[in-house]
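Here the structure is laid out as structure tokens; the discussion comes afterwards.
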Amino acid sequence: MCTDDRVAVTTGIARLHASPGLAGPGRLGLVTNHTGVLPGLRPAAPALLAAGVRLVALFGPEHGLHGTGQAGESENLRRDPATGLPVHDTYRCDGARLDELLLRSGVDALVYDLQDIGARFYTYVWTMFDLMVSAARTGVRFVVADRPNPLGGLVSEGPLLDPAWASFVGRAAVPVRHGLTCGELARYLNARAIPRAAGAAVDLTVIEAVGWRRALHADATGLPWVAPSPNVPTPATATVYPGTCLFEGTNVSEGRGTTQPFETVGAPYVDERFAPSLAGLGLPGVRFRELRYVPAFHKHAGRPLRGVQLHVTDRAAFAPVRTAVAMLATLRRLYPDDFAWHPVDADTAETGHRHFIDLLWGSDRLRRAVDAGDDPLPLCDPPAPPSRWAGDALLYS
């Protein structure tokens, strides 16, 4: 818990607040939301204005500027009451529409400051990607005010996305758990994906976070935890999210509508066999507690469910993606007539793919292996540690 401004890590936005010239000249737009705070929890946008930063517009992602929207929602906010600045909603906006939005906003540069949680399917990084593409096409500079990856930066997990399954939960070849900060991811994408999408790389600056090391998780940075979205309330949620978010692609509840989303998994058809079967797998760093719950909203709202809560006992040994894949295979084996994959929703239907799990995983290989009764765990092996697959994009040791 952070009790004052003395922290172990200085974020990029805190450095910009102290030295407004770091963002360069011209009219700036800030890509932000409720996570865009200084270490003392002061909202960054009004603080930057007071410090003399020439902000002229704000840009909000999924969940909106204030973070009140649920998954797949934003906010109908045209002007920020705290600063008086116009607010541009970027959610579900890309391509020519996003180019037009940038040009209409009158900004010379975008400053990106959103708290990511280190999973490929968390949409903030793809808001960053889409804005980088539009910035490259419209001649707008792009500045990332970097923040730590709350899961640390030593480990990657899961395969690189196959571009044939690109969507807003994964635009480019990145592992499921990527192990990068947003600034590092921006550098990686700018070298490999932005030129293909925009015709040229964007003029990119990263304001590094000072004091962060790859071994540090969120609770070791000294920074306050601000829930990045309504269903990621704690660092413990973020720890399991790169795995249990895969249940969004199934008819199994991932705990939305409870006070422990993504730490809780269950379904109406689960019985007394599930928890002991998971315990018998001997998965490292995690234990499973049987529980019953009734979600207040989302999947199976108002229905009694049976399932498990994940208790991470050794964060260094715990592999969230591998754990969730083992859970999926167990559900398919125990409940073959009940377990099912969800179809894509309206937001991703234009991809032409039928199953949302394929978009989350980045290919259809996981779904096919589970359905065939094959061992899916080899699919979880990462391409390499971040220092290998991300190469010279890395900024921190």
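Data for the structure
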| read-out | value |
| --- | --- |
| In order through region 387-395: 3J(HN,Hα) via Karplus (6.51 cos²θ - 1.76 cosθ + 1.60), integer Hz, x for Gly, Pro | 5, 8, 7, 8, x, 7, 6, 5, 10 |
| Spin-label model distance (nm) - ALA220 vs GLN70, 7 Å beyond Cα toward Cβ | 3.7 nm |
| Per-residue [θ]222 nm for the chain (sum of -39500 (n - 2.57) over DSSP H runs n ≥ 4, rounded to 500) | -7500 deg cm²/dmol |
| Structure-derived Rg/Rh (Cα atoms, Kirkwood Rh) - corresponding label in (i) 0.99; (ii) 1.13; (iii) 0.96 | (iii) |
| Simple spin-label estimate for ARG287 and ARG368 in nanometres, 7 Å along Cα-Cβ | 4.0 nm |
| Lys, Arg +1 and Asp, Glu -1 on Cβ, resulting dipole of region 113-177 about Cα centre, debye, nearest 20 | 120 debye |
| Given 14 as the ceiling on other Cβ atoms within 10 Å, longest exposed-site-free region of the chain for GluC sites (Glu not before Pro) in DSSP loops | 74-271 |
| The chain, relative contact order in percent, only Cα pairs under 8 angstrom and at least six apart counted | 17 percent |
| Angle in degrees between helix 320-334 and the longest Cα principal axis of the chain, rounded to the nearest 10 | 30 degrees |
| Counting DSSP beta bridges with both ends in the chain, the antiparallel % (nearest 5) | 50 percent |
| Longest DSSP-loop-exposure-free segment, trypsin sites (Lys or Arg not before Pro), the chain, at most 10 other Cβ within 10 Å | 79-397 |
| Normalised contact order of region 235-380, rounded percent, pairs of Cα under 8 Å and 6 or more residues apart | 25 percent |
| Phi to ³J(HN,Hα) by Karplus 6.51 cos²θ - 1.76 cosθ + 1.60 over region 218-232, Hz, x for Gly, Pro | 4, 6, 9, 8, x, 8, x, 8, 10, 3, x, 8, x, 10, 10 |
| With Cα atoms, 0 to 90° folded angle of helix 182-192 axis to the chain main axis | 90 degrees |
| ³J(HN,Hα), Karplus 6.51/-1.76/1.60, whole Hz, each residue of region 77-82, x for Gly, Pro | 10, 9, 9, 7, x, 6 |
| Size of charge dipole - the chain - debye, nearest 20, with Cβ of Lys, Arg +1 and Asp, Glu -1, no other charges | 360 debye |
| Cut-off under 5 Å, modelled amide H: who pairs with THR205 long-range | PHE142, VAL143, VAL144 |
| Sequence-distant residues sharing a close amide H with GLY26 (under 5 Å, placed H) | none |
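All of the numbers you see were taken from the coordinates with simple rules; none came from a lab. Keep in mind it's a predicted model, so treat the numbers as computed, not measured. Because the Cβ atoms are built from the backbone with ideal geometry, glycine has one as well, and the counts that use them run over all protein chains shown.
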